[in-house]
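S.K.: Take a look at this one; I'll ask things after.
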Amino acid sequence: MYLEYYNLTRDPFSVSPDPDFLFLSPSHKEAIGSLLFCIENRLGFAVLTGEVGTGKTTIIRYYLANCDRERILPVYIFNPDLTFNALLQTILSELGAVPIKDSDLYRTVQSALLARAEAGQTVVLLIDEAQNIPLRTLEQLRMLSNFETSREKLLQVIFIGQPELDEILEKHSLRQLRQRIATRAVIRPLTADETLAYIEHRTHLAGGEAAQIFSSAALREIVHQAHGAPRTVNILCANALIACIGYGQKQVSRKIVREIVQDLSGRAGPAFSRFGFGLAAAAVILLGVASAYSIHSILPRPESGAPERGASAPAMHAPSPPSHPPSAGTGLPASPHANAEKMGTAAADQKTHPGSPQNNPGQPEPLRGVTVRDNASRSLAEKTAGTDNRDQPSPASVPSSSKNGVTRKVRRGDYLTRMSLEVYGEATDRTLSRLQNANPQIKDPDLIYEGDVLRFPEHGQ
């Protein structure tokens with residue numbers, strides 16, 4: 001949901017094993033080459049191991065997505081906690097045969113494999129998380145090597161697992177299976193340079209540039225903390241991007257990365273753990289709402305006056321949308337449990353001055369009528385908790401009443417569009433422009449301040 005914020009076309013740091021994002025480090029190339037060598041030459045058994053999160057499953061998904069289905073019939077097992085007979089039944093089912101009694105199972109599978117070989121097809125059994133295969137099943141798997149002709153194996157078996165698989169295969173009871181393994185490959189953690197290239201590779205495929213989204217210090221911190229595990233890189237980057245929205249920044253800093261690491265390790269400081277992700281979660285939700293609807297389509301029409309905080313209001317027809325679409329800003333509520341309306345109308349009581357979002361083109365644009373705090377002058381905890389108002393300028397002096405039209409005092413939760421609806425029954429660009437002309441203290445129509453008194457002139461003025 002943060003794609004629009006960073007101008008990305010797709011999620012670059014999903015933890016799902018998306019083969020489109022496969023990054024080929026030297027060890028990943030070696031692993032794919034070893035796998036293909038075993039399959040193309042019908043050697044029988046191969047083993048591919050690697051630490052958690054190094055990309056083993058992504059390689060398998062890449063192979064499944066790109067193999068020639070005219071010549072290759074893959075059988076992918078991702079839950080290997082099976083008996084040997086259950087495994088044979090699965091193979092038989094993938095070959096299109098009807099399940100049969102266990103007593104005839106072995107011979108039937110052999111006949112089905114021979115028929116596929118005569119048709120020019122190679123059957124490949126890929127067993128993911130192979131370290132979880134029951135020991136008894138592993139002991140019997142050597143029998144699959146008997147599925148062969150005088151020149152080649154009828155079934156190619158690829159074990160994919162964590163380093164524990166190598167330890168299991170060293171057991172004395174598995175020595176016959178171990179002797180039948182034709183190739184082995186190990187996926188090693190990424191080096192520092194490979195990790196940087198990995199981040200740039202995935203960001204580029206998503207339509208962005210890593211150097212623009214992450215500061216150089218943030219990239220170095222991610223490299224240091226990930227220890228070469230692509231999955232950890234994805235988790236750190238994805239969380240950092242979300243937290244960066246919460247801070248109202250466009251570029252991830254080292255500070256943000258370190259706070260993410262602390263949070264994921266359960267050692268987050270009180271300010272960030274309490275406010276940072278609440279703000280970030282609210283921002284991401286708000287981005288999703290803003291991308292799907294015009295802000296006017298979700299505004300309630302109160303019967304009279306501004307509703308009290310938390311009060312419900314009847315639904316209304318959506319008025320004309322504003323001239324520019326709403327987008328996420330820094331005016332977000334501190335609580336991650338706030339509803340969508342409160343997120344869009346978080347009240348703050350600080351006037352705009354140099355360094356505020358509207359004077360900084362690098363900051364996201366706030367919603368129409370929302371008040372925001374100054375990121376440059378206060379810590380995140382102070383901004384979200386609202387505990388420090390010492391540097392707040394006094395609101396502009398406005399008459400409390402007017403002979404022509406009516407006046408309204410801005411209350412917590414109000415925004416300009418709602419107040420226009422209350423008075424005029426509409427909230428168009430024309431009415432909002434009239435309100436700005438009648439209230440010169442509104443320097444930016446997107447910002448109003450609690451406690452200000454606004455003049456609403458009669459129609460025609």
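The values are calculated or read from the model by the stated rules, or taken from the named source; none is laboratory data. Values in this document were obtained by computation on a predicted structure and should not be read as measured data. Note: ideal-geometry Cβ built from the backbone for every residue, glycine included; neighbour counts use all protein chains shown. Heads up: the accessible areas ignore ligands, DNA and RNA and are worked out on the full protein's heavy atoms, side chains in. Shrake-Rupley method; radii C 1.70, N 1.55, O 1.52, S 1.80 Å.
S.K.: Being closer than 21 Å to ILE187 by Cβ, touching a residue at least 24 places away in the same chain (Cβ under 8 Å), crowded, with 19+ Cβ neighbours inside 10 Å and of a type in the set (Ser, Thr, Tyr), is that true of even one residue in region 40-52?
M.R.: Looking for residues that are closer than 21 Å to ILE187 by Cβ, touching a residue at least 24 places away in the same chain (Cβ under 8 Å), crowded, with 19+ Cβ neighbours inside 10 Å and of a type in the set (Ser, Thr, Tyr), one finds at least one in region 40-52, hence yes.
S.K.: Return the residue satisfying two criteria in turn: it lies in region 126-157 and is among the hydroxyl-bearing types (Ser, Thr, Tyr) and open to solvent by less than 10 Å² (accessible area, probe 1.4 Å), and of such residues it is modelled with the lowest pLDDT.
M.R.: By that ranking, first place goes to SER145.
S.K.: On to the next question. Just to be sure I understand, how many residues within region 69-116 are part of a loop (DSSP other than H, G, I, E, B) and either open to solvent by 70 Å² or more (accessible area, probe 1.4 Å) or aromatic (Phe, Trp, Tyr) (or both)?
M.R.: 10
S.K.: Write out, first by first residue and then by second, each pair whose Cβ atoms fall under 8 Å of each other, whose residues are 6+ apart or on separate chains, and whose first residue, in region 175-192, is under 16 Å from ALA130 (Cα atoms) and free of Cβ contacts under 8 Å to residues at least 12 places away in the same chain while the second is open to solvent by 80 Å² or more (accessible area, probe 1.4 Å) and in a loop (DSSP other than H, G, I, E, B).
M.R.: What qualifies is ARG178/GLU170.
S.K.: Of everything in region 423-443 that's closer than 9 Å to PHE456 by Cβ and open to solvent by 10 Å² or more (accessible area, probe 1.4 Å), which residue is modelled with the highest pLDDT?
M.R.: Among them, the one singled out is ALA438.
S.K.: What is the residue count in region 444-455 for residues that are closer than 8 Å to THR407 by Cα and either out of contact with any helix residue (DSSP H, G or I) (no Cβ under 9 Å at 6 or more places or on another chain) or at pLDDT below 85 (or both)?
M.R.: So the count comes out to 1.
S.K.: LEU177: in contact with a Pro (Cβ under 7 Å, 6 or more places away or on another chain) and either open to solvent by less than 60 Å² (accessible area, probe 1.4 Å) or of a type in the set (A, V, I, L, M, F, W, C) (or both), yes or no?
M.R.: Judged against the criteria, LEU177 is not a match.
S.K.: If I filter region 158-174 down to residues being open to solvent by 10 Å² or more (accessible area, probe 1.4 Å), assigned to a helix (DSSP H, G or I) and in contact (Cβ under 8 Å) with a residue 12 or more places away in the chain, which single residue comes out as nearest to ARG136 (Cα to Cα)?
M.R.: Only one residue fits best here, namely SER173.
S.K.: So which residues in region 205-222 are open to solvent by 30 Å² or more (accessible area, probe 1.4 Å) and touching a helix residue (DSSP H, G or I) at 6+ places or on another chain (Cβ under 7 Å)?
M.R.: Scanning region 205-222 gives LEU205, GLU209.
S.K.: Another question, then. Among the residues of region 223-234, which ones are part of a helix (DSSP H, G or I) and surrounded by fewer than 19 Cβ atoms within 10 Å (Cβ to Cβ)?
M.R.: Of everything in region 223-234, those that are part of a helix (DSSP H, G or I) and surrounded by fewer than 19 Cβ atoms within 10 Å (Cβ to Cβ) turn out to be HIS224, GLN225, ARG231.
S.K.: Still on this model: Taking the stated definitions as given, is ASP20 within 29 Å of CYS244 (Cβ to Cβ) and surrounded by 15 or more Cβ atoms within 10 Å (Cβ to Cβ)?
M.R.: Against the criterion (within 29 Å of CYS244 (Cβ to Cβ) and surrounded by 15 or more Cβ atoms within 10 Å (Cβ to Cβ)), ASP20 does not qualify.
S.K.: Does ALA31 satisfy the criteria of being open to solvent by less than 10 Å² (accessible area, probe 1.4 Å) and modelled with pLDDT of 90 or more?
M.R.: Here the answer is yes, as ALA31 does meet what is asked.
S.K.: Taking interchain pairs and intrachain pairs at least six residues apart, which have beta carbon atoms under 6 angstrom, with the first residue in region 73-98 and closer than 16 Å to LEU154 by Cα and the second among the basic types (Lys, Arg) and surrounded by 18 or more Cβ atoms within 10 Å (Cβ to Cβ)?
M.R.: That search, which allows pairs on different chains as well, returns nothing.
S.K.: If I ask for residues that are open to solvent by less than 10 Å² (accessible area, probe 1.4 Å) and in a helix (DSSP H, G or I), which ones from region 237-263 would you list?
M.R.: Passing the criteria: CYS237, ALA240, LEU241, ALA243, CYS244, ILE245, GLY246, ILE256, VAL257, ILE260.
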